[in-house]
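No lab work stands behind these numbers, since they all come straight from the coordinates. If you're wondering where the values come from, they're calculated on a predicted model, not measured in any experiment.
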Amino acid sequence: MKEEPHRITHRRVLLKLSGEHIGTEGESFDKHALDYIVEQIIAAKDLGAKIGIVVGAGNIIRGRDAGWLDKIDADTCGMVGTVINGIVLHSLLKGKGQRVRLSSALTMVGIADDFNRSSDYDFYESGGIVIFIGGTGNPLFTTDTAAALRAVQLRADVLIKGTNVAGVYSSDPKKNKRATFYRKLTYDQVIGKQLKVMDLAAFNICREAAVPIIVYDFKRHGLSDIITGKMVGTLISGGRND
């Protein structure tokens with residue numbers, strides 16, 4: 001008997017990938033972790049999803065953690081760190097025969113294409129994977145904000161944020177074992193409860209554009225689980241919290 005194809009709930013995806021998933025505490029790059037990331041992306045694409053990716057640089061440097069540097073310089077280092085991660089991811093995906101485009105908010109002649117909403121959108125629409133690097137191109141803005149912007153610009157169905165916890169909790173579950181896990185939330189509830197989903201600028205962009213956000217444990221669940229509509233992680237949208 002022929003197996004029925006998976007039905008896609010989320011066809012237009014923007015994945016926010018933290019640098020923490022690329023490296024470990026001792027190494028900036030973890031080959032096993034990178035192989036897992038590549039497998040997840042290809043599996044989701046093979047199901048028919050259109051995929052854009054915003055990559056962070058937490059495995060290399062975070063501007064907010066480099067207090068010994070001038071704030072603007074520290075953030076600039078963080079943006080350049082995303083370029084390195086993007087090059088690595090681009091190389092691995094291309095090596096697997098994928099059509100992939102590296103789009104940079106910072107001018108990187110000979111390394112990446114300059115961000116161009118029109119050409120990036122066309123590439124995304126055609127089924128190619130777009131990796132966005134360089135954050136927003138400006139200091140003082142996080143890669144969460146870049147992810148929110150790119151999600152809106154690509155007209156994504158959902159912004160998917162991979163984390164190292166099951167989803168959104170009332171407090172840090174690693175510090176508070178009694179923290180409440182939320183399966184569904186509205187934008188207003190996130191603000192009212194002062195929950196830490198992403199920075200406020202990024203969150204408000206998604207809220208104003210009505211882009212749903214899914215927060216989930218990236219290492220525990222496959223990206224394909226998300227796009228096929230399985231109840232994984234926390235869904236944040238403008239709808240009623242059932």
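Can you work out ³J(HN,Hα) from phi for every residue in the range 102-114, in order, using Karplus 6.51 cos²θ - 1.76 cosθ + 1.60 and θ = phi - 60°, giving whole Hz and x for Gly and Pro?
9, 10, 10, 6, 9, 5, 10, 4, x, 10, 8, 6, 5
Name the long-range amide H neighbours of R101: under 5 Å, sequence gap of 5 or more, or other chain; modelled H, no Pro or chain starts.
The list, which skips near neighbours in sequence, is I129, V130, I131.
Could you state the number of Å between the C-alpha centres of the range 200-225 and the range 117-170?
10 Å
Tell me, what is the Rg over Rh of the range 127-242, with Rh the Kirkwood radius over Cα pairs?
Working: Rg = 14.1 Å, Rh = 14.8 Å.
That ratio equals 0.95.
Quick one: 3J(HN,Hα) in Hz for the range 130-141, Karplus 6.51/-1.76/1.60 with θ = phi - 60°, rounded, Gly and Pro as x.
Computed from phi, the couplings for the range 130-141 are 10, 9, 9, 10, x, x, 8, x, 10, x, 6, 10 Hz.
List the aspartates and glutamates whose Cα sits under 15 Å from the Cα of K161, skipping any in the same chain fewer than 8 residues away.
E20, D144, D199, D217, D225
Out of all Cα-Cα pairs in the chain, roughly what percent, to the nearest whole number, are more than 33 Å apart? Mind showing how you got there, number by number?
On the way: 3879 of 29161 pairs.
So the pairs more than 33 Å apart make up 13 percent of the total in the chain.
Give me the percent relative contact order of the range 12-237, please, defined on Cα pairs under 8 angstrom at least 6 residues apart.
Working: 423 pairs, mean separation 48.3, N = 226.
The value is 21 percent.
Across the range 10-21, in residue order, what do the Karplus-derived ³J(HN,Hα) couplings come to in whole Hz, using 6.51 cos²θ - 1.76 cosθ + 1.60 with θ = phi - 60° and x for Gly and Pro?
10, 8, 10, 10, 10, 9, 8, 10, 6, x, 4, 7
P(r) of the range 73-128 in 10 Å steps, Cα pairs, percent per bin?
23, 49, 25, 3
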